[in-house]
Amino acid sequence: MPTEPEKEINLTIPMIPDMEIAASRTAEAVAEVMELDEDKTAEVSMALIEACLNSFEHSHSEDRKVFITFRVKNEELTIILRDNGTGFDPDKVEEPNIVEKLKPGISKRGWGLKLMEKMMDSLVIDSGPNGTKITMTKKR
């Protein structure tokens, strides 16, 4: 099968409520063009929503923007999400304890990175004082 040229879609969204939905709709449209099945499309959409929400909530970005690039080449979708925030150390993020999270009165939040990791074929986080870049891939 011949190699197809890479297709790239760029999206910049402001960090305001519900803009993660705009990003997920773009991801769903890209997945449809790729002919991803319904389950993989849902996984891509949910992983992107989690990445956006994490950026909105934790980046402390002064420009209050998230930059998303969708790259489609052959059988793979790569999504790169960037912000210009303060960064974080992914190794210091505590893994949620399911037993504790299910207790009444305990926040159910804190699953974003784990969900992204499980839903995508690969997840790479590059973060530092000038921002965070998350690269996620999904194979057809």
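Points to keep in mind about this one:
- Single residue of the stretch 1-32 satisfying the filter (small (G, A, S) and either in contact (Cβ under 8 Å) with a residue 24 or more places away in the chain or part of a strand (DSSP E or B) (or both)) that is farthest from L48 (Cα to Cα): A31
- If you go through the stretch 43-64 and keep only what is under 25 Å from T86 (Cβ atoms) and in a helix (DSSP H, G or I), you end up with A47, L48, I49, E50, A51, C52, L53, N54, S55, F56, E57, H58.
Residue by residue, here is whether (1) surrounded by 17 or more Cβ atoms within 10 Å (Cβ to Cβ); (2) out of contact with any strand residue (DSSP E or B) (no Cβ under 7 Å at 6 or more places or on another chain); (3) at pLDDT below 90; (4) not in a helix (DSSP H, G or I) holds:
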position: T41; (1), (2), (3), (4): yes, yes, no, no
position: V66; (1), (2), (3), (4): yes, no, no, yes
position: T86; (1), (2), (3), (4): no, yes, no, yes
position: D91; (1), (2), (3), (4): no, yes, yes, no
position: G105; (1), (2), (3), (4): no, yes, yes, yes
position: E117; (1), (2), (3), (4): no, no, no, no
position: V124; (1), (2), (3), (4): no, no, no, yes
position: T132; (1), (2), (3), (4): yes, no, no, yes
position: T135; (1), (2), (3), (4): yes, no, no, yes
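- The set of residues from the stretch 68-77 being buried (at least 17 other Cβ atoms within 10 Å of the Cβ) and touching an Asp or Glu at 6+ places or on another chain (Cβ under 9 Å) comprises F70, R71, V72.
The values are calculated or read from the model by the stated rules, or taken from the named source; none is laboratory data. Computed from a predicted model, the values in this text were never measured in an experiment. All Cβ positions, glycine included, derive from the backbone under ideal geometry; neighbour counts span all protein chains shown.
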